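The values are calculated or read from the model by the stated rules, or taken from the named source; none is laboratory data. Not measured: the values here are computed from a predicted model. Backbone-built Cβ (ideal geometry, glycine too); neighbour counts: all protein chains shown.
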Amino acid sequence: MSLLQSNKKKDRRILSGSCPDPRCGARLFFPSGSASIECTECGQRHEQKHLLRVEEVTDPDLVLHNLLRNALLGVTGAPKKGSELVKVMGLSNYHCKLLSPVLTRYGMDKQTGRAKLLQEMNQGEMFDCSLLGDRAFLIEPEHVSTMGYGKDRSGSLVYLHDTLEEVKKANGSMECLIPVHVDGDGHCLVHAVSRALVGRELFWHALRENLKQNFKQNLDRYKALFQDFIDAAEWEDIINECDPMFIPPEGVPLGLRNIHIFGLANVLHRPIILLDSLSGMRSSGDYSATFLPGLMAEEKCRGKDEKLNKPICIAWSSSGRNHYIPLVGIKNTVLPRLPARLLPKAWGVPQDLIRKYIELEPDGSCVIGGDRSLQDKYLMRLVNAMEEVFMEKHSIHPSLVADVHQYVYRRTGVIGIQPEEVTEAAKRSVMENRLHRCLICGALSELHVPPEWLLPGGKLYNLAKSTHGQLRPDKNYSFPLNNVVCSYDPQKDVLIPDYKMSSLNTCNWCHGTSVRHIHGDGAVVYLDGDRTNTRSDGGKCGCGFKHFWESKEYDNLPEAFPITLEWGGRVVRETVYWFQYEVEATLNSNVYDVAMKLVTKHFPGEFGSETLVQKVVNTILHHTAKKNPDEYNPVSIDGAHDQRLTDAMDQQPPTKIILTGQKSKTLHKEELTMSRAERSLQQSISDQAFVTQRRRTDKLKQEQKGNRRSSSPTGSPETSSSSSAPATPTKTSSSPSSNV
């Protein structure tokens with residue numbers, strides 16, 4: 001019985017660990033019995049054994065704040081990332097697709113690591129994809145199950161089951177060739193090829209451009225080879241379909257076909273094998289084939305080791321045959337061999353050319369891909385260089401564009417929008433100060449006022465008009481709705497939102513109140529005390545992250561104490577913010593620097609102020625001298641540790657949780673969600689509610705009296721503003737001010 005109790009107790013433990021992805025590292029909390037955990041930051045799912053720094057969490061406050069808060073409050077956080085937005089090594093598919101056009105024209109200077117136009121490096125106008133002719137992607141075993149990066153989940157595992165089983169048998173019953181995910185956005189063929197080459201969708205754009213150029217430069221040879229199969233009039237369409245921006249005619253499915261796969265084999269100087277289900281491969285249709293680089297000389301299809309470039313493998317994902325996926329090997333296992341019975345016939349060229357372009361084993365099988373992979377370290381340097389170019393061209397970071405795609409377009413149900421359009425919309429939103437980042441759940445929220453609200457007859461226009469009468473261009477009108485501030489344009493007779501002066505009150509996703517503006521590079525415009533995303537292993541506050549304060553990041557929040565400066569008959573009272581527990585000693589406050597800044601600020605150029613500086617130094621030293629060296633009383637700042645101020649809960653969630661055991665404890669909702677500052681603020685709001693309501697009632701009575709006095713001869717009252725309009729705005733001067 002004691003053993004049973006022990007196991008039961010063990011199962012109830014709460015553990016914490018860090019995401020193993022080096023570009024993420026998010027801290028995760030989970031019950032000990034969890035086999036796998038989905039990272040709340042990058043979206044990957046990891047087995048518990050792969051997490052880093054796994055340890056038991058014994059602090060009940062920390063456990064409850066991170067595990068039970070949402071259960072108590074019924075608050076939902078940011079949505080789960082779709083397959084194109086899951087990040088591996090900090091990169092999502094969407095991010096890679098955005099950078100791909102840059103990689104078509106730019107390369108990386110080996111000496112500086114910076115991006116440079118290929119033309120300036122004497123490497124032609126566009127990237128030569130044949131340089132990837134001997135490269136192949138091998139997926140890491142820990143990423144095989146990662147959604148959007150590992151095994152395809154579109155149904156291909158079922159559709160290709162028999163084919164994959166044949167491959168498995170030919171490789172000693174070992175799974176060594178697996179279908180992996182690519183996005184179905186009309187570019188799936190080049191996405192599949194790019195992933196088979198480097199593991200990322202980074203080269204889809206260059207592959208299309210190379211393919212288009214290859215057809216144009218060798219058109220006569222292509223026409224001669226396929227004169228019995230392809231009409232001369234079709235070649236213009238075939239070439240146009242290669243263009244990255246190609247939009248098909250209405251009713252024509254978007255996608256590339258067999259002739260384009262043959263062209264890509266010639267672009268890459270290596271074979272491409274297309275597989276299908278066993279029944280499909282045995283049929284008379286062109287559902288599977290071996291595409292050889294038949295227009296390339298054999299010597300151009302060899303790597304630096306003088307060996308023939310090994311074929312890459314792609315496959316159909318379903319019986320609809322409208323989506324290509326790549327089949328790749330697994331790192332640290334044997335290289336996959338495709339048995340002779342599964343090697344399809346050559347497409348468009350004589351069968352005997354297979355032995356010319358593919359090195360066959362004695363049993364007729366062939367190795368897929370090879371082991372020359374691009375190193376992750378090099379790939380990330382390449383990505384970083386291309387990100388700089390993207391920033392220079394668009395004034396916005398590609399990761400921020402990807403977030404706008406996830407949180408703005410996917411949230412509103414907009415699908416099929418092109419990345420170029422999302423980029424421009426995201427750039428515009430940043431420039432207009434409409435984008436905000438939530439410090440609690442990390443989601444983006446966009447401040448948007450419907451244009452129809454700003455026109456005559458619109459909600460905000462009518463509200464401002466009914467409250468203030470004649471609108472004036474020299475005044476600003478502030479609305480409690482998300483603190484929107486508008487000016488008035490008399491020529492167009494419309495209200496114009498000033499998003500710089502406006503700000504979101506709460507996150508659209510988790511309803512947290514720690515919402516901040518962001519820059520185009522994705523950097524958050526932090527306020528003093530905000531928790532940043534930089535991890536801290538030496539902070540006394542225990543949250544595990546650094547805090548922003550006056551343009552720097554600190555391990556701790558400062559301590560605060562008042563100080564009085566007296567000089568020349570003047571008395572000034574100030575608050576000193578003091579740091580003394582920083583891991584980096586240079587960030588600790590220097591008493592003389594602090595004193596000098598205070599004196600210079602309030603008594604600049606005063607003769608003899610050195611005496612005052614010394615007095616301030618003595619006062620500060622008196623405040624900071626502690627009997628207990630470990631005593632730490634940081635300044636209390638709302639939201640500094642991701643506390644949430646929430647709205648009234650509609651579903652009446654539980655107000656407390658009772659923990660039983662040797663140290664039984666009842667934890668109330670307030671303990672989970674509110675700091676002292678938050679409780680004070682809530683109390684202030686409650687106390688002020690009655691006064692505000694009374695003022696509003698009195699104002700309405702006065703307006704009603706005015707309406708009765710100014711009513712029309714028929715006695716009918718004037719039409720009032722819509723009851724669904726936001727709360728009454730207050731009029732402010734043209735200078736920035738907070739709304740009342």
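Let's see how each residue does on (1) of a type in the set (S, T, N, Q); (2) part of a loop (DSSP other than H, G, I, E, B); (3) crowded, with 17+ Cβ neighbours inside 10 Å; (4) at pLDDT 85 or above:
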{"position": "Pro473", "(1), (2), (3), (4)": "no, yes, no, yes"}
{"position": "Tyr488", "(1), (2), (3), (4)": "no, no, yes, yes"}
{"position": "Lys492", "(1), (2), (3), (4)": "no, yes, no, yes"}
{"position": "Ile496", "(1), (2), (3), (4)": "no, no, no, yes"}
{"position": "Lys500", "(1), (2), (3), (4)": "no, yes, no, no"}
{"position": "Asn505", "(1), (2), (3), (4)": "yes, yes, no, no"}
{"position": "Thr513", "(1), (2), (3), (4)": "yes, yes, yes, no"}
{"position": "Arg516", "(1), (2), (3), (4)": "no, no, yes, yes"}
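Being at pLDDT below 85 and among the charged types (D, E, K, R): is that true of Asp630 here? Spelling it out, Asp630 is indeed at pLDDT below 85 and among the charged types (D, E, K, R).
Set side by side, the residues Val182, Val190 differ, and just one is assigned by TED's automatic domain parsing to the domain that holds Leu335 and not in a loop (DSSP other than H, G, I, E, B), which is Val190. In the condition set (1) touching a Ser or Thr at 6+ places or on another chain (Cβ under 6 Å); (2) under 22 Å from Trp235 (Cα atoms), Met281 is compliant with all but (2). When Met391 is tested against (1) farther than 30 Å from Leu471 by Cβ; (2) within 20 Å of the chain's Cα centre (by Cα); (3) surrounded by fewer than 19 Cβ atoms within 10 Å (Cβ to Cβ); (4) at pLDDT below 95, just one condition goes unmet, and that condition is (4).
Residue by residue, here is whether (1) loosely packed, with under 12 Cβ neighbours inside 10 Å; (2) among the β-branched types (Val, Ile, Thr); (3) outside any strand (DSSP E or B) holds:
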position	(1), (2), (3)
His547	no, no, no
Asn556	no, no, yes
Val572	no, yes, no
Val576	no, yes, no
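The numbered conditions (1) out of contact with any helix residue (DSSP H, G or I) (no Cβ under 6 Å at 6 or more places or on another chain); (2) surrounded by 13 or more Cβ atoms within 10 Å (Cβ to Cβ); (3) without any contact (Cβ under 8 Å) to a residue 40 or more places away in the chain are all true for Ile247 except (2). Filtering Ile259, Ile239, Ile273, Ile230 for residues that are hydrophobic (A, V, I, L, M, F, W, C) and closer than 30 Å to Gln375 by Cα leaves a single hit, Ile273. For segment 617-631, state whether one or more residues are part of a helix (DSSP H, G or I), of a type in the set (A, V, I, L, M) and surrounded by 14 or more Cβ atoms within 10 Å (Cβ to Cβ). Yes, there is a match, as at least one residue in segment 617-631 is part of a helix (DSSP H, G or I), of a type in the set (A, V, I, L, M) and surrounded by 14 or more Cβ atoms within 10 Å (Cβ to Cβ).
Select from segment 132-158 the residues that are buried (at least 23 other Cβ atoms within 10 Å of the Cβ) and hydroxyl-bearing (Ser, Thr, Tyr) and write down the one among them that is nearest to Asp371 (Cα to Cα). Looking at the filtered set, the residue picked out is Tyr149. Restricted to segment 1-48, and to residues there that are loosely packed, with under 11 Cβ neighbours inside 10 Å and aliphatic (A, V, I, L, M), the residue that is modelled with the highest pLDDT is Ala35.
Note on segment 176-199: residues that are charged (D, E, K, R) and at pLDDT 95 or above total 1.
Any residue that is buried (at least 17 other Cβ atoms within 10 Å of the Cβ), of a type outside the set (Gly, Ala, Ser) and part of a helix (DSSP H, G or I) - is there at least one of those in segment 364-375? Within segment 364-375, not a single residue is buried (at least 17 other Cβ atoms within 10 Å of the Cβ), of a type outside the set (Gly, Ala, Ser) and part of a helix (DSSP H, G or I).
For segment 496-512, does any single residue satisfy the condition of being touching a His at 6+ places or on another chain (Cβ under 7 Å) and closer than 28 Å to Ile396 by Cα? So far as segment 496-512 goes, yes, one or more of its residues are touching a His at 6+ places or on another chain (Cβ under 7 Å) and closer than 28 Å to Ile396 by Cα. Taking the conditions exactly as written (under 27 Å from Gly25 (Cα atoms) and free of Cβ contacts under 8 Å to residues at least 40 places away in the same chain), does Asp555 satisfy them or not? Considered against the rule, which asks whether it is under 27 Å from Gly25 (Cα atoms) and free of Cβ contacts under 8 Å to residues at least 40 places away in the same chain, Asp555 comes out as yes. Residues that are basic (Lys, Arg) and in a helix (DSSP H, G or I) were ranked within segment 420-456; the one that is surrounded by the most Cβ atoms within 10 Å (Cβ to Cβ) is Lys427.
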